[in-house]
Every structure is written in structure tokens, then in C-alpha cells.
């Protein structure tokens, strides 16, 4: 087997990556919070960044900062080449057929809005059905509510069962009628559930609907293969996979993208502009109006290299080990309820509650120990209503987390229990 | 601020033994509100006699800060005239709690006051002592 050349301080692919060494690549862990070392358990919200990604941003601004696709001078050509190179990396990462199927956006939310606007407004009409699930993040719910209200379309939802899995027993009935689009999360940002997207896509396609996948959590945690899933669109953000904020992409099948009108109008997305009208640039550039987030997209390319060096198999295994430990240690504390499916069916996300102690109070106690967790409804209010809780505490993990982080989490939760029940 | 300073004894006491907890039958004023961001919910009932707060009860769901703030506030308004209640402002509530709060927990701390003001004014508006710094 050929050894991968380490890039910018990266490491060659190993069967067992050294997660202790990986953590050292993340400068933020040198800081202290309330006098304690930072323990970051909110990677579902955003991941921390390795020094390689931070350096890539710095390197771009210091050596070849220029606008892309326009200049005929050296640094503009260099910036364009590096930006387009990332499109190729993303295409490979997702197993897309071509870089033409990758549109850069601000992230998952903008990607879904691009589909609901450019594809949706052309293809969804009065009485049509948009099928979602009960576990969607607001970013895969609100854009469709806006479209449905504008077009007089109806929303339907695949329900969840008691274990936080999608209940597909009624799927045929839900797909009955003028269902135009099925849009769902691949990996729940609250429950950690991994959804059977390929099966749902097969059944949706049989009824003539297109399938949109929110891969904000699944891409970083388990990796995605758009051809295996056979989805029509797939949305994700760079910042949840070690990349900078403000960039991400939409994957779309070429024929669908080609047939779609633009989303935003402006510079770069046009072929020819006259005062009365314009013609559009080709896919994917017709969707990239104005100056794109060049620096962050180029640095995302470095994040992709970093993640691929570790490998998704190793990341999934590492997350599972941490989830398993979390189940065990939190399970020893009476009054803890963990939401969602068993360890082997989820990504590195654990949402829980502790008796009737509010999630804010648990998070505050943990914060004083330097442990950062999320408390609230995690942009999934309808899901929390379904779970019968107003808020949960969520711990989520990535490559820089170690078993000692989980021990600190459990200790803090134990402390919260003691504090509020004495 | 240490954890013990933040969750000082009086806050925990009001959280675990909230004063004026419950509802009133036939209240003269009742107001409900919620903070959808964290799921806190509160209802405040008032009995008014001769323009004074004769009885007050509160109920709902919330974190320790929101419940302790509500409990302290109900204690503070018992026997007060409606004009006096209208003059209570956010600094009064923060003084009762006696801790520093970040922007998210500030909303928890002020939910009861906001609800109370909606009740006594009948409509939501800028309250005396607020507005300038909101």
C-alpha cells in the first residue's frame, strides 16, 4: 500500500490514529476557562480548528489574496486555481460524478434555501406535498415552510418512534399523492440517529419525488457517498468538519442544477448582461453570485485533507467509543435520561436530561469546570416538543475529544445533581 | 465568579422552595409568558384589593435562575400598590439575585418581571427604568 505523503504537518493514514497527538494540533485547547483547561463537547454546533486550517487562512491572505475568476495576473490565477481545486476535493469527498455538481454556499442553511428557492419555486405548486421528518433542524424545516406558504403546498412529516428512529411503517401512505420533494437529515443533531437515506431515496424516487439530504452532521461524523445514497441534493457546512465558518456546499445532480434558474443574481453568475436582461453562466458558477468566501473555502480544502488523513472509519469508531463511555458513565447517575437510539446506531452526539433540573443549570455547572456543552432545543423545537421536554443538554464529540473529557462531563453532571438536590 | 458564588444559597433556596408557588382562584390579574429559546414558561396570578397586591402566586417551568427570580419578585410585591409594582425595574431584580449574568441567563432572570409588567399594564410596553438600555 502506498503511504500518503503528510501535508503541512499532517500524518500518514494509520489504522489507529493517535487522538492524543491530534488534539495537540488544536491551539484552542491551550486556553483555560474559569481557570480549568477547556473541554469542548459542542462540536455539533461547530468544530474547533486545527493549526493547519488556521495557517491556510493566514497563508492565503499573506501570499495570494486576490479575487477569483477575473484577474489575469499571477496571484488571481493562483487564488482561482486553489479555490477550484477545493471544488474537486469536495466532489471526491462526496463521490460526486464531477466538480460541476458542487456549488459553494455559506453552508447548510444557504444550500437548502438555494434548493427550496431555485428548484422549489419552479417545481412545487398548489396542493403539492413536501415530505420532511419530525427530527429536522430548523434549517431543513423553515425554508420548506416558506415555500409551502408561498405556493399553497402542504408539508408532511415522517414520525419518529420511541427510540428516536424514523418510523417508516407509514412511508407508503406519506409518499402517496403529489409528493415533489423529500428532505431529511442524514444524522440527527439532537438524537444522533443515522437515518436510512438510501432506502428512503429509493422509495421516494419510485414515486417521482426528488430527495434532499441535510448532511451537516453526517459528513463530518460518518462521511457521505452521494452515489450510494442516490440523493438529488445534499447540503453541508465546512465549519462542522474542522473548516472555517461561512462556507459550505450544495451537491446537486448535474441535470437538476442545469435546469434550475439562479438563486442570487449578481456578478460572476452571468454569461452576458444587457440592460434589459442577462444570460446565465454555466453550472455551478451560475449559483455563485458575487465574491465568494475564497479564503475560508481554500482553508476548507486543508480541513478535508486533515479529516481524510484520519479517515472516516477511524472517526466513526472513535466517536462510538466516546458515546459508549458517555452512556456508561451518565448511566451510573440516577435520574439521567439519554434520548435517541443505541450506541451502534448513532454518531457522536448524546442529548440527555437529569431529573427536572433545567439544561441551563447543568450547562452552567459544567461551564465552571471548563466543560462546554449545549443547553436548549438545539434548533429543533418540534423534536423537543415530541420528546416532551423543553430543553436538553447535549454533548457532542469529534477527533480532538478523549475519554478523559467524558469523565469530566460525568463528574460535572454528578455535581449538578448534588447541587440542585441538596 | 465561582460556582458557589453563582448558585449562592439564597438562589438555591428560592429554587428548591419557591415562595408563592401555585395559582389563585379567580385572580384579578393573570399573565403568562415563555422564553422559547430555553423553554421557560411562567404564569403569575394576582389578587388586587384597594389597589394593592393582596396575594400573588406563580407557576411554570424554568431553570434555577428564572424560578428564583420569580420567587424573589413575588415576595417583593406582596402588599405593594400597583404603582409601586410598576416602578420595579430590571436592576431591582438583578439586585435581588445578586449575581452577574451573561446575556442568555439575563433573559431567564427577567422573564418573571416581564410577565408581571404585562399583567399590571395589561399590554406590553417599555417599562419605567427600561427602554434606555434595552
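What the table below lists for this structure:
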| quantity | calculated |
| --- | --- |
| Out of A:266, A:252, A:243, sole residue that is surrounded by fewer than 21 Cβ atoms within 10 Å (Cβ to Cβ) and either over 20 Å from the mean Cα position of the chain (by Cα) or not assigned by TED's automatic domain parsing to the domain that holds residue A:26 (or both) | A:266 |
| Odd one out for residue A:283, checked against (1) in a loop (DSSP other than H, G, I, E, B); (2) crowded, with 22+ Cβ neighbours inside 10 Å | (2) |
| Residues satisfying the stated conditions in region B:17-45, i.e. within 13 Å of chain A (Cβ to nearest Cβ), over 16 Å from the mean Cα position of the chain (by Cα) and surrounded by fewer than 16 Cβ atoms within 10 Å (Cβ to Cβ) | B:36, B:37 |
| Search result, residues across region A:221-242 that are out of contact with any strand residue (DSSP E or B) (no Cβ under 8 Å at 6 or more places or on another chain) and outside any loop (DSSP other than H, G, I, E, B) | A:227, A:228, A:240, A:241 |
| Checklist (1) surrounded by 16 or more Cβ atoms within 10 Å (Cβ to Cβ); (2) more than 12 Å from the chain's Cα centre (by Cα); (3) within 14 Å of chain A (Cβ to nearest Cβ) applied to residue B:66, failing item | (2) |
| From the options B:99, B:48, residue that is within 14 Å of chain A (Cβ to nearest Cβ), farther than 20 Å from residue A:390 by Cα and not in a helix (DSSP H, G or I) | B:99 |
| Residue selected from region A:168-190 under the condition out of contact with any strand residue (DSSP E or B) (no Cβ under 6 Å at 6 or more places or on another chain) and either touching a residue at least 40 places away in the same chain (Cβ under 8 Å) or part of a loop (DSSP other than H, G, I, E, B) (or both), by the criterion surrounded by the fewest Cβ atoms within 10 Å (Cβ to Cβ) | A:176 |
| Selection status of residue A:25, assigned to a loop (DSSP other than H, G, I, E, B) and at pLDDT 95 or above | yes |
| Strands (runs of 3 or more DSSP E) wholly inside region A:319-422 that include at least 1 residues being touching a residue at least 24 places away in the same chain (Cβ under 8 Å) and away from chain B (no Cβ under 14 Å) | A:336-339, A:349-354, A:392-396 |
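The values are calculated or read from the model by the stated rules, or taken from the named source; none is laboratory data. Since the model is a prediction, treat every value here as computed from it, not as a measurement. No Cβ is skipped: glycine too gets one built from the backbone with ideal geometry, and neighbour counts run over all protein chains shown.
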